[in-house]
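I have placed the structure first, in the form of structure tokens, so that the comments after it can refer back to it.
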Amino acid sequence: MANKDDYLTYYREFFENFAQTVNPNDQLPVRLAGYKLLGTEVVGGIIDWTTQYLSQKKCPPHLFAPLIKIVIEEMRKACKKHPPICGFSPDDNAYEPLKLMQSVMAKTNEVCLRYLDNSMLCSLPSPNDSPVFYPTSTCAFKNCKRKMEDRHVVIHDLNTMLNIQEASPSSYYAVFDGHAGVDAAAYSAAHLHQFLAESHLFTNNPKQALYEAFCKTDAHFTDKCKVEHLSSGTTAVVALLRPKEKTLYVAWTGDSQALLASQGKLMQLVNPHKPNRPDEKDRIERNGGCVLLFGTWRVNGQLAVSRAIGWY
């Protein structure tokens with residue numbers, strides 16, 4: 001993709017293949033969480049579902065952010081203009097996930113099929129215009145669990161996706177190690193970056209914005225657990241990269257790890273939250289809990305991590 005014609009050919013091949021393989025009658029084209037979405041959570045759901053869907057369709061990496069941005073903008077208008085069609089229930093003051101997801105998938109199909117028109121295709125940004133993009137590899141193993149309870153998120157251009165013009169270009173990477181169910185990891189994977197980017201601190205104080213996004217994710221999910229009778233938790237490790245500032249921010253809860261590798265050397269970026277850490281043990285006991293040894297150190301004899309997002 002060295003010149004304009006190369007990348008437009010690449011884009012055109014994707015959209016032509018998309019048109020040939022799209023199935024508008026598929027009722028469940030992506031993995032769906034079981035909880036209802038409040039109005040403040042819709043954007044996170046849109047990003048989650050469109051990312052899954054475009055990944056299945058082998059979308060060029062540089063197109064994710066601009067396409068999802070358009071889907072978000074048009075779904076916001078659709079939810080405002082025709083809320084029942086998008087799954088909104090006045091009784092719950094929330095969106096039914098299946099109906100909302102199907103509306104999002106229909107909108108994604110509509111948006112992608114527009115670019116079969118060459119004049120529309122030429123309006124898409126060149127890969128050279130992308131402010132941040134780094135080659136990324138991901139891999140996940142379920143092991144012996146009945147369901148995959150873990151999630152990961154890769155967003156190369158968070159600013160474009162969420163139409164943030166004031167902040168320095170940002171890439172976002174996250175891993176969520178779910179336990180006792182998938183809901184906490186699925187919720188965090190869909191909404192933590194949304195809450196981060198929506199924070200008024202995101203532009204000038206990303207460190208505090210990350211802290212508040214973790215707290216907001218935990219608070220909203222635990223509230224949802226009480227209303228919808230859910231019960232699960234997840235560790236989290238998040239990296240926010242701002243290359244123009246030459247700064248990498250890392251935030252975490254629980255014992256998931258992050259390492260920085262450079263010239264054959266490794267640097268551990270995370271100090272895991274485990275019950276056997278003296279400061280964690282003191283904090284737990286001050287709050288009325290206890291740390292007991294049952295093969296490994298556990299909070300109240302149960303949890304092997306001392307912090308997590310979720311409800312137990």
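Straight-line cross-link reach from residue 36 at under 18 Å between alpha-carbon atoms covers these lysines, not counting any fewer than eight positions away in the same chain: 80, 99, 216, 224, 226.
By the gyration tensor of its Cα atoms, with a ≥ b ≥ c the square roots of the eigenvalues, what is the shape of segment 49-103: rounded for a/c under 1.5, prolate for a/b over b/c, or oblate? Prolate, because a/c is 1.5 or more and a/b exceeds b/c.
Once you sort the root eigenvalues of the Cα gyration tensor of segment 221-312 as a ≥ b ≥ c, which label holds: rounded (a/c under 1.5), prolate (a/b larger than b/c) or oblate (the other case)?
Since a/c reaches 1.5 but b/c is at least a/b, the shape of segment 221-312 is classed as oblate.
On the principal axes of its alpha-carbon atoms, segment 4-128 has extents of 52, 23, 21 Å, going from largest to smallest. Across segment 4-128, Cα pairs under 8 Å and at least six residues apart give a relative contact order of 38 percent.
Taking the Cα centre of segment 116-259 as origin and assigning +1 to Lys and Arg Cβ atoms and -1 to Asp and Glu Cβ atoms, the resulting dipole is close to 340 debye. Projected onto the charge dipole of segment 4-128 (+1 at Lys/Arg Cβ, -1 at Asp/Glu Cβ, origin at the Cα centre), which of 100, 38, 22 gives the Cα projection farthest towards the positive end? Farthest towards the positive end: 38. Of 49, 297, the sequence from fewest to most neighbouring Cβ atoms within 10 angstrom is 297, 49. Placing +1 on each Lys and Arg Cβ and -1 on each Asp and Glu Cβ, with no other charges, gives the chain a dipole about its Cα centre of roughly 520 debye. Measuring how big the chain is from its alpha-carbon positions, Rg and Dmax come out at 20.7, 66 Å.
Between the alpha-carbon centers of segment 55-114 and segment 272-303, tell me the distance in whole angstrom. Cα centroid of segment 55-114 versus Cα centroid of segment 272-303: 43 Å apart.
Report the calculated FRET efficiency for residue 282 and residue 55 (r = Cβ-Cβ distance, R0 = 35 Å), to the nearest 0.05. In this case the efficiency is close to 0.20. Taking 0.36 nm per residue of separation and subtracting the current Cα-Cα distance, fully stretching the chain between residue 143 and residue 122 would add 3.1 nm. In straight-distance terms, cross-link reach from residue 246 covers every one of the aspartates and glutamates whose alpha-carbon lies under 16 Å from its own, apart from those fewer than eight places away in the same chain; here that gives 157.
Segment 139-216 and segment 227-271 have Cα centres spaced 10 Å apart.
The modelled label-to-label distance for the pair residue 290/residue 164, using points 7 Å beyond Cα in the direction of Cβ, is 4.4 nm.
Which value, in debye to the nearest 20, describes the size of the charge dipole of segment 4-128 about its Cα centre when Lys and Arg Cβ atoms bear +1, Asp and Glu Cβ atoms bear -1, and nothing else is charged?
140 debye
As a length-normalised measure over Cα pairs under 8 Å and 6 or more apart, the relative contact order of segment 89-203 settles at 19 percent. Temperature 25 °C, viscosity 0.890 mPa s: under these conditions the Stokes-Einstein estimate for segment 131-269, based on its Kirkwood radius over C-alpha pairs, is 155 µm² per second. Short-range pairs are left out: with C-alpha atoms under 8 Å and at least six residues apart, the relative contact order of segment 131-269 is 23 percent. Kyte-Doolittle mean at least -0.5 and Cα extent at least 24 Å along the axis: which DSSP H helices of the chain qualify? Within the chain the helices that satisfy the rule are 64-81, 97-114.
Read-outs throughout are calculated quantities, based only on the coordinates presented, and are distinct from any laboratory measurement. Small disclaimer: the values here were computed from a predicted structure and weren't measured. Every residue, glycine as well, gets a Cβ built from its backbone with ideal geometry; the counts of neighbours run over all protein chains shown.
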